[in-house]
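Reviewing the structure listed below.
Nothing in this text is a laboratory measurement; each read-out follows from the coordinates by a stated rule. Just so it is clear, the structure is predicted and the values come from calculations on it, not from any experiment. As a convention, Cβ positions derive from the backbone with ideal geometry for all residues, glycine included, and neighbour counts pool all protein chains shown.
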Ligand SMILES: Nc1ncnc2c1ncn2[C@@H]1O[C@H](COP(=O)(O)OP(=O)(O)OP(=O)(O)O)[C@@H](O)[C@H]1O
Ligand SMILES: [Mg+2]
């Protein structure tokens, strides 16, 4: 599977060197995928922010460091929780959708029909979707980070008396470029993984309807796993590029 | 010569599907391919348009070596070929109209007026003008088949490959479709290869027929010759009687 997936990725990079680009299709998929995931990642982000602040609050208090609550919450959300949670939900929602959609197009010969009519189905169906997931996930992530910070603020207000402006100021003070930039940048990779895995599983689906179901579920499993593995690698890389302790 | 297929072999693992198939189809000829379910008729059509690669053999269409073309040349050739899939293969995220326009917008440099008039023409031909703005999921199986047919002829191909155009249709529609295919062949000077089990359809369409069995062409001739044949396989195929055919077919 790894070889198949890599070959698929190589073909993607080969195709994107040559115009024309299906800009309309890419835009259409971005809007569709974005709209589809916006509510669920919003709710999750809010709860995660709230919970992480509730959890950190007594711990920091134990060390007499309550004042660092906004900062530490902000850093954990921006560096790790926002991007990864958003990516995992995105994988669950979108990778499976792409897997099922392309899978059913494959088994009902729609992809063959496209090929026969002289249209390159890889460009039309696969490249556009991978583009869309790669560029929509960072946008969703920024949105999730923002919502999470609101959730965290509510938890903070419950234990400390703090205005929104002061809270935000504390967060911005604590979060450095070396936190925010890699945090958001890695989601381009995650988005790429989601699109690539979903499209690969769907495009290569076999065995009729059963294959479509398989393509859909295994897309989620594989893309989630790959996101976590890449996250590990990227965290290591980030720490090397932007050491937190100077 | 429109089509020349030479010694085509195709296996899936140990399952030998095509075992040396050769035939020719001349310009503006309608050829019917008979064969029992699973004898590789669909595989044969797919090899001809290079959706599947045969293990060995040659295919020439309009004098071009199909298997030797590069992608660009292949797509150029495919513009001249229409393909009706056994399961219609309509794009289910597009309306009927978008389905029909898709090959035209993508590959042909036509203005909107011409595209609209062609859409109307083919929809009228399959008597489904009122389905123009429906989604494929709102159509019955037979309607989907007719839209599939409309989509495959909208580019005015020189060669049409039909995979069971009348299967799953009621007898009246089946007859209408067969007549339509026959008319199109005359009107557009198309060459067609038609895979079918439908004897009536074959009688309406065919100039000539071949019979595929166990990976080989076992019989070739006019429909009348085939139906009059005393070969047990053909008798089984064309008559109501059941005749013992030991070892033949699957
Ligand atoms: N992609 C594939 N992979 C493996 N085997 C295949 C594939 N496509 C077809 N086959 C096998 O090739 C044989 C011929 O299949 P094909 O679909 O050509 O039959 P057919 O003559 O069109 O039958 P029908 O009249 O039922 O449509 C079958 O045994 C089938 O299992
Ligand atoms: Mg078939």
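Results, tabulated for the structure shown:
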quantity: Per-residue mean of C-beta atoms belonging to partner chains within 10 Å, peptide A:105-112; calculated: 6
quantity: Between 0 and 90°, nearest 10: helix B:112-125 axis offset from chain B longest Cα axis; calculated: 40
quantity: Ascending count of other beta-carbon atoms within 10 Å, so fewest first, for A:18, B:85, A:230; calculated: A:18, A:230, B:85
quantity: Size descriptor, Kirkwood hydrodynamic radius, that averages inverse alpha-carbon separations across region B:87-156, Å; calculated: 11.8
quantity: Within 10 Å of each Cβ in B:91-102, the average number of Cβ atoms from other chains; calculated: 2
quantity: Percent of Cα-Cα distances greater than 26 Å, calculated over chain B; calculated: 40
quantity: For chain A: relative contact order, % (alpha-carbon pairs under 8 angstrom, 6 or more apart); calculated: 34
quantity: Inter-chain Cβ neighbour average for residues B:73-83, partner chain, 10 Å; calculated: 3
quantity: Descending semi-axes in whole angstrom, ellipsoid equivalent of the protein assembly as shown, from the Cα gyration tensor; calculated: 59, 22, 20
quantity: Share antiparallel - DSSP beta bridges, chain B, percent rounded to 5; calculated: 55
quantity: Residue exposure sequence - A:57, B:93, B:214 - by fewest surrounding Cβ within 10 Å; calculated: B:93, B:214, A:57
quantity: Cα long-axis angle, helix B:96-107 against chain B (0 to 90 degrees, to the nearest 10); calculated: 90
quantity: Zero-based 5 Å bins, Cα pair distances in chain A, whole percents; calculated: 1, 7, 13, 16, 16, 14, 10, 8, 6, 5, 3, 1, 0, 0
quantity: Approximate spin-label separation residue A:210-residue A:47, in nm, with each point projected 7 Å along Cα-to-Cβ; calculated: 3.5
quantity: Added length on full extension, which subtracts the Cα-Cα distance from 0.36 nm per residue, residue B:98 to residue B:22; calculated: 23.6 nm
quantity: Order of B:135, A:232 under a 10 Å beta carbon neighbour criterion, fewest first; calculated: A:232, B:135
quantity: Approximate spin-label separation residue B:6-residue A:22, in nm, with each point projected 7 Å along Cα-to-Cβ; calculated: 3.7
quantity: Beta bridges per DSSP with both ends in the protein assembly as shown, % antiparallel, nearest 5; calculated: 55
quantity: For chain B, calculated [θ]222 nm from helices alone, where every DSSP H run of n ≥ 4 adds -39500 (n - 2.57); calculated: -11000 deg cm²/dmol
